[in-house]
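One structure below.
The values are calculated or read from the model by the stated rules, or taken from the named source; none is laboratory data. This one's a predicted model, so the numbers in the text were calculated from it and none came from an experiment. Please note: Cβ atoms are built from the backbone with ideal geometry, for glycine as well, and neighbour counts cover all protein chains shown. With ligands, DNA and RNA removed, areas are computed over all heavy atoms of the protein, side chains included. Shrake-Rupley method; radii C 1.70, N 1.55, O 1.52, S 1.80 Å.
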Amino acid sequence: MTDRITACFLVGLANLISGATIRWAGCQPDVRQRIYFANHTSNLDFVVIWAALPAPIRRLTRPAAAHDYWTANPVRRHIAEKVFNAILIERVKVTQHNNPIHRMLESIGTTSSMIIFPEGGRSTRPEVGPFKSGLYHLARKRPEIELIPVYIDNLNRILPRGEFLPVPLLSCISFGAPIRNSGNESKADFLERARRAVVGLHRP
């Protein structure tokens with residue numbers, strides 16, 4: 001019960017701080033299994049996307065988060081594991097045993113959705129950077145799962161890199177039309193198409 005109350009509090013806090021407008025452009029909220037992939041500019045990114053989802057979808061959606069960051073202290077780890085039900089991904093000492101792709105696929109099973117950031121680390125640039133290969137491998141291994149592009153606008157100004165306290169501003173979270181791996185695309189072509197799907201949601 002306490003964790004559920006904490007989750008509700010964090011949803012309200014994230015929405016208050018971000019002032020996020022939620023835009024569904026090309027898809028509608030659905031409990032079907034999906035992978036939401038987004039640009040990455042702030043530590044608030046996965047929290048705000050998670051909070052933007054309707055409650056029934058949020059309960060089925062697990063953010064992929066950096067193991068080293070979210071296990072830095074017991075409080076942070078508890079919030080990640082018990083409140084967000086995050087999938088903690090190793091990014092420092094990756095081995096065959098803790099391979100992120102295997103970990104993510106095992107964690108979502110056949111019912112959970114997931115939030116990922118294909119750029120990897122947070123970007124300090126306004127443009128969306130090149131995508132790493134993880135999204136391609138997920139799409140190849142689970143082609144039945146819808147891939148939903150998400151563009152987060154303005155969060156880098158709410159919580160700039162290196163800052164601890166957020167500055168309330170208006171942001172926009174845009175969910176786009178699903179894409180799939182056609183099966184005959186090269187990895188580079190697929191990742192660039194996925195990146196363009198995210199960039200195309202930006203509204204100047």
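Of these, His102, His97, which one is assigned to a helix (DSSP H, G or I) and out of contact with any Gly (no Cβ under 9 Å at 6 or more places or on another chain)? Answer to the check: His102.
Evaluating His102 against the criteria (1) modelled with pLDDT of 90 or more; (2) open to solvent by less than 70 Å² (accessible area, probe 1.4 Å); (3) not polar (S, T, N, Q) leaves one unmet condition, (2). Pairing residues of the stretch 56-76 that are in contact (Cβ under 8 Å) with a residue 12 or more places away in the chain and β-branched (Val, Ile, Thr) with residues that are surrounded by 19 or more Cβ atoms within 10 Å (Cβ to Cβ) and in a loop (DSSP other than H, G, I, E, B), at Cβ distances under 9 Å and at least 6 apart in sequence or on separate chains, gives Thr61/Leu53. Take the residues of the stretch 41-50 that are open to solvent by less than 40 Å² (accessible area, probe 1.4 Å) and of a type outside the set (A, V, I, L, M, F, W, C): which is farthest from Pro149 (Cα to Cα)? Applying the filter and picking the extreme gives Ser42. Please specify each residue of the stretch 51-75 satisfying the condition of being basic (Lys, Arg) and either in a strand (DSSP E or B) or loosely packed, with under 13 Cβ neighbours inside 10 Å (or both). The answer is Arg62, and nothing else. Count of the stretch 174-190 residues, restricted to those that are free of Cβ contacts under 8 Å to residues at least 60 places away in the same chain and out of contact with any Lys or Arg (no Cβ under 8 Å at 6 or more places or on another chain), is 9. Residues that are among the aliphatic types (A, V, I, L, M) and part of a helix (DSSP H, G or I) were ranked within the stretch 76-88; the one that is surrounded by the fewest Cβ atoms within 10 Å (Cβ to Cβ) is Ile79.
For Lys132, the stated conditions hold: it is under 22 Å from Arg193 (Cβ atoms) and open to solvent by 80 Å² or more (accessible area, probe 1.4 Å).
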